[in-house]
Amino acid sequence: MSYQSIKNWPEEERPRERLLKMGAESLSNAQLLAIILRIGGGGRSAIDLAMEMLASFKKLKDIDSASAKEFEHLKGIGPAKIAQIKAAFELGRRLFRETDEKGPAFSSSHDVYSYYHPLLKDLKKEVLFCAMLDAKNRIFRDCRISEGTLTNSLMHPREAFRNAIKESAASVIFVHNHPSGDPTPSREDISVTERLVHTGEVVGIKVLDHVIIGAGKHISLMDSGYIKNTKGGF
């Protein structure tokens, strides 16, 4: 089936030209996705593919959290386009975390929850982050350590501290999500935390906390007594 290429549209209606002339905020979600997709496929234009994607997934957050396999039913959306979409959403997350100089200072597990909840709440897999802090407990960088259910076999402490050592972090906080919505720590969560704390003592980087984020709530393994902190709090 043939389609009318976006190149044949009136110039003022073409997504890229409209963005450059009127700003990105003037475009619909489908138009913005069409720009990311760049070209059509499967006999449809980029805007057609974008509209079909939105109709299928309903919300942008569902597109963001979808696995590559979940795009298979969309004709014309191959690996290259999936990669473009995933890259765009990741840039958005990084922009959200980016600050002019230093990040916020963490003084409690609730501060950690407030910072990471918007980034982790819609993920369908468990993802473990290491937040690197300076001497004033300000986050200056974070990195993704592992993806998938947290287990001793999956998560190697030396990998968890690799970037923290390289960046000379004064301390670290580990954060991961429970897609089920229940942040109650599993036995593996507790076991992995004990290994991380021990490794931190060996390399000289204090583990301040391990925060598990669920649906609108969190649990701190430091507050729960699994991480000993004689000072009480951060």
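Name the single residue, out of those in segment 78-98 being within 19 Å of residue 43 (Cβ to Cβ) and small (Gly, Ala, Ser), that is nearest to the chain's Cα centre (by Cα).
Among those residues, the one meeting the criterion is 80.
Do we find that residue 83 is among the small types (Gly, Ala, Ser) and surrounded by 19 or more Cβ atoms within 10 Å (Cβ to Cβ) in this structure?
Details: among the small types (Gly, Ala, Ser): yes; surrounded by 19 or more Cβ atoms within 10 Å (Cβ to Cβ): no.
It is false that residue 83 is among the small types (Gly, Ala, Ser) and surrounded by 19 or more Cβ atoms within 10 Å (Cβ to Cβ).
Which one of these is of a type in the set (Phe, Trp, Tyr), out of contact with any Lys or Arg (no Cβ under 6 Å at 6 or more places or on another chain), open to solvent by less than 60 Å² (accessible area, probe 1.4 Å) and within 30 Å of residue 62 (Cα to Cα): 161, 174?
On the way: 161 fails: within 30 Å of residue 62 (Cα to Cα).
Sole residue among the options that is of a type in the set (Phe, Trp, Tyr), out of contact with any Lys or Arg (no Cβ under 6 Å at 6 or more places or on another chain), open to solvent by less than 60 Å² (accessible area, probe 1.4 Å) and within 30 Å of residue 62 (Cα to Cα): 174.
Give 131, 135 a once-over and let me know the one that is of a type in the set (Gly, Ala, Ser), surrounded by fewer than 16 Cβ atoms within 10 Å (Cβ to Cβ) and modelled with pLDDT of 90 or more.
Details: 131 fails: surrounded by fewer than 16 Cβ atoms within 10 Å (Cβ to Cβ).
Criteria check complete, one pass: 135.
Could you check segment 42-69 and list, in sequence order, the residues that are on the phi > 0 side of the Ramachandran plot and surrounded by 13 or more Cβ atoms within 10 Å (Cβ to Cβ)? So that I can check it myself, show each step before the final result.
Narrowing segment 42-69 to residues on the phi > 0 side of the Ramachandran plot: 42-43, 58.
Answer for segment 42-69, where residues must be on the phi > 0 side of the Ramachandran plot and surrounded by 13 or more Cβ atoms within 10 Å (Cβ to Cβ): just 42.
Can you tell me which residue is nearest to residue 179 (Cα to Cα) among those in segment 38-80 that are touching a Gly at 6+ places or on another chain (Cβ under 7 Å) and part of a helix (DSSP H, G or I)?
Taking the candidates together, the pick is 49.
Say whether the condition of being of a type in the set (Asp, Glu) and either surrounded by 19 or more Cβ atoms within 10 Å (Cβ to Cβ) or at pLDDT below 95 (or both) is met by at least one residue in segment 100-118. Walk me through it before giving the result.
Start the filter on segment 100-118 by keeping residues that are of a type in the set (Asp, Glu), which leaves 100-101, 111.
So of that shortlist, the ones also either surrounded by 19 or more Cβ atoms within 10 Å (Cβ to Cβ) or at pLDDT below 95 (or both) come out as 100-101.
Yes, that holds for at least one residue.
Is one or more of the residues making up segment 70-77 without any contact (Cβ under 8 Å) to a residue 60 or more places away in the chain, open to solvent by 40 Å² or more (accessible area, probe 1.4 Å) and under 20 Å from the mean Cα position of the chain (by Cα)?
Pass one, segment 70-77, residues without any contact (Cβ under 8 Å) to a residue 60 or more places away in the chain: 70-77.
Now restrict to residues that are open to solvent by 40 Å² or more (accessible area, probe 1.4 Å): 70, 72-73, 75.
Filter once more, so that each one left must be under 20 Å from the mean Cα position of the chain (by Cα): 70.
The answer is yes; a qualifying residue exists.
Would you say residue 197 is among the β-branched types (Val, Ile, Thr) and open to solvent by 10 Å² or more (accessible area, probe 1.4 Å)?
Working: among the β-branched types (Val, Ile, Thr): yes; open to solvent by 10 Å² or more (accessible area, probe 1.4 Å): yes.
It is true that residue 197 is among the β-branched types (Val, Ile, Thr) and open to solvent by 10 Å² or more (accessible area, probe 1.4 Å).
Evaluate segment 14-25: report whether one residue or more is touching a residue at least 24 places away in the same chain (Cβ under 8 Å) and not charged (D, E, K, R). Before the answer, list the steps.
We begin by selecting, within segment 14-25, every residue touching a residue at least 24 places away in the same chain (Cβ under 8 Å); these are 15.
Cutting the leftovers down to not charged (D, E, K, R) gives us 15.
Checked segment 14-25: at least one residue is touching a residue at least 24 places away in the same chain (Cβ under 8 Å) and not charged (D, E, K, R).
The values are calculated or read from the model by the stated rules, or taken from the named source; none is laboratory data. A quick note: this is a predicted structure, and the numbers were derived from the prediction, not measured. No Cβ is skipped: glycine too gets one built from the backbone with ideal geometry, and neighbour counts run over all protein chains shown. The area values use the complete protein model at the heavy-atom level, side chains included, leaving out ligands, DNA and RNA. Shrake-Rupley method; radii C 1.70, N 1.55, O 1.52, S 1.80 Å.
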